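The values are calculated or read from the model by the stated rules, or taken from the named source; none is laboratory data. From a predicted model like this one, the values you see are computed outputs, not experimental measurements. When we count neighbours, we look across all protein chains shown, and the Cβ atoms used for this are built from the backbone with ideal geometry, even at glycine.
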Amino acid sequence: MLLIKLDAYLKKPFRSKEEFAILPSDMVAHFMDLESDFSYRARPISGITTMDERKIITESGQNENQRFKYTVIIPNKKQSEDIIFLLHGLNERSWDKYLLWAWYLAKNSKKAVVMFPIAYHMNRAPQNWSNPREMIKIVTQRKLNYKDVRNSSFANIALSLRMEYTPEMFLISGIQTYFDIIKLAMQIKSGHHPLFKQNTNIDLFAYSIGALLAEILLIANPASLFSGQRAFLFCGGSTFDKMNANSKAIMDSRAAYHLGKYIYSHPTMDNEISIPTQMEPLLPKAWETFRSMFNLNRHVKMRERGFAELGNRIESIGLTKDKVIPPDAIRKTMGRCQELDFPFEYSHENPFPLTIAANMPDVEMAFKTVFDKAVDFLR
């Protein structure tokens, strides 16, 4: 089946409200529930904002974010002994782009793939943040207020406002996702998950900002959950300061500036967050590892030691025309990066455009090149 047809075919079951769906090649998608044990105390915001802007900035999204669904794509058998966690990019609101990725990984690796949503992203965010009609009004006003703002769009305005006025939400989202993954991994490893056997292996496939989270998980290795596990990174792997998030699909120029300035100060959030008592011993190493990945010129020895200990358990592919996380930025962080280029127009946000028929043979070849490398590495 051609990728473009398969892509469309895979999207249909994910529109349903069923607990599972049958996919091609004897694969099954299970839609599982998880409740986060993480909470935080919001800080007051400063600055002049409109009523619509303030609603987005202060909207907690707790209902969607605390109790959410994650998807498991698995070969049609009762239990699996191997898993690949798939971690997505920044400011993602839909799993559509990743369905083909997850299905291909599961089918060809014979492992289950867990599509795990980052906090305040995907199905863990209020639906109105993805509503073009509501968001475009705010974009129009923002452009009037700030003539120099670049790349403001209905797709990124919700994240842009939150990153400008409450940049601590970047850290809160990351650390919450970190502990949510720990909770699910512990559930799986202990044999208390209905789809997986006890001590199931958990590897990672991570894209864009998800690659940063994957690196932190492997280097920090909380509760020894990722001892000996592997991570394959696609279009990601650099320290945060070497990323260019100023994009119509991610965040606008004002948000990127304010977030970068905030991250550079290396803030601590310990007084604003709450986690289960048994998890508290894991927090210092989590923050320490997070900070080592913020800036290329800080905590260098710790970061280099972490990658040296990982050795060949981590691999990355970068794309030549990627303007968000270029291959050179990944090499400066990890010491190496496979670099690929494709004979068609692509971008970090859309590496495999499935919309232009004339490009399809090349797009399919590019897709298989990347994901066959991932399968071989994670198999």
Exercise for review: Taking the residues in the stretch 141-157 that are among the aliphatic types (A, V, I, L, M) and in contact with a Lys or Arg (Cβ under 9 Å, 6 or more places away or on another chain) as candidates, determine which candidate is surrounded by the fewest Cβ atoms within 10 Å (Cβ to Cβ).
Suggested key: VAL149
Check your understanding: Can you find even one residue in the stretch 13-30 that is of a type in the set (Lys, Arg), surrounded by fewer than 18 Cβ atoms within 10 Å (Cβ to Cβ) and at pLDDT 75 or above?
Key -> no
**Study point:** Criterion (of a type in the set (Val, Ile, Thr), crowded, with 19+ Cβ neighbours inside 10 Å and either more than 21 Å from ALA102 (Cβ to Cβ) or in contact with an Asp or Glu (Cβ under 6 Å, 6 or more places away or on another chain) (or both)) met by exactly one of THR177, THR239
**Key:** THR239
**Study point:** First in the stretch 305-331 and within 22 Å of ASP203 (Cβ to Cβ) and at pLDDT 95 or above, second anywhere and part of a strand (DSSP E or B) and of a type in the set (D, E, K, R), Cβ under 6 Å, 6 or more apart
**Key:** GLY318/GLU339
Revision key, fill the gap. Screening LYS5, LYS11, LYS69, LYS55 for residues that are within 26 Å of LYS183 (Cβ to Cβ) and of a type outside the set (S, T, N, Q) leaves only LYS69
Revision key, fill the gap. Within the stretch 1-54, the count of residues that are assigned to a helix (DSSP H, G or I) and either over 25 Å from the mean Cα position of the chain (by Cα) or in contact (Cβ under 8 Å) with a residue 24 or more places away in the chain (or both) comes to 12
Practice item. Would you confirm whether any residue within the stretch 240-262 is free of Cβ contacts under 8 Å to residues at least 12 places away in the same chain, of a type in the set (S, T, N, Q) and farther than 19 Å from LYS332 by Cβ? Key: no
Point to revise | Verdict on ASN199 being modelled with pLDDT under 95 and at positive phi | key: yes
